[in-house]
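Here is the structure we will look at.
The values are calculated or read from the model by the stated rules, or taken from the named source; none is laboratory data. As the structure is a prediction and not an experimental result, all values here were calculated from the model. FYI the Cβ positions are ideal-geometry reconstructions off the backbone, even for glycines, and counts take in every protein chain you see. Just the protein is used for accessible areas: all its heavy atoms, side chains included, with ligands, DNA and RNA removed. Shrake-Rupley method; radii C 1.70, N 1.55, O 1.52, S 1.80 Å.
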Amino acid sequence: MKKILVLSMIMAVPLAANAENGSYINQEVFNICSVIFLIGMGMLFLLTILKRILDFRLKNKIVEKGIDHTMAASILETNPQEGRNINIKWFAILAGLGSGLTLIHYTLPLGIHSMAIMSFCLAVSFLGYFFFLRQTER
């Protein structure tokens, strides 16, 4: 998740620098940033698939060895609560991105303030997710 945030920040720097010159997004910069973003998303997809395959193989090895149920549960550390929280986390991130992009649209031209708005909106969304997790723990 942190990789996506860093990747989006890296992509936005040339856009903000280009906007300070009075011009809007350069097509070449947009194409380069789009390719970097797509490669990052593809790598994230491949890493997720690889993790699931390796987890499946580990579970099969545990079943083959006949390890005790409590020992297997401690090794795998599966938490059904995490699956539900991942959806809320993505909702918070996408809601923060959407609100940030909406605010940036109404405060044109693009500039360094656009980066501040986006950072603030993402920070607020992560803070909301943190409060959600703390509330559900009680």
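Overview of values
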item	result
Dimensions (Å) - segment 52-138, Cα atoms, principal axes, largest first	63, 32, 16
Accessible surface, segment 25-124, averaged per residue in Å² (probe 1.4 Å)	77
Ala72-Asn60 pseudo-label distance in nm [points 7 Å out on the Cα-to-Cβ vector]	1.5
Given charges at beta-carbon only (K, R positive; D, E negative), |dipole| of segment 23-129 in Debye	240
Percent carbon-and-sulfur accessible area, segment 96-138, ignoring ligands, DNA and RNA, probe 1.4 Å	74
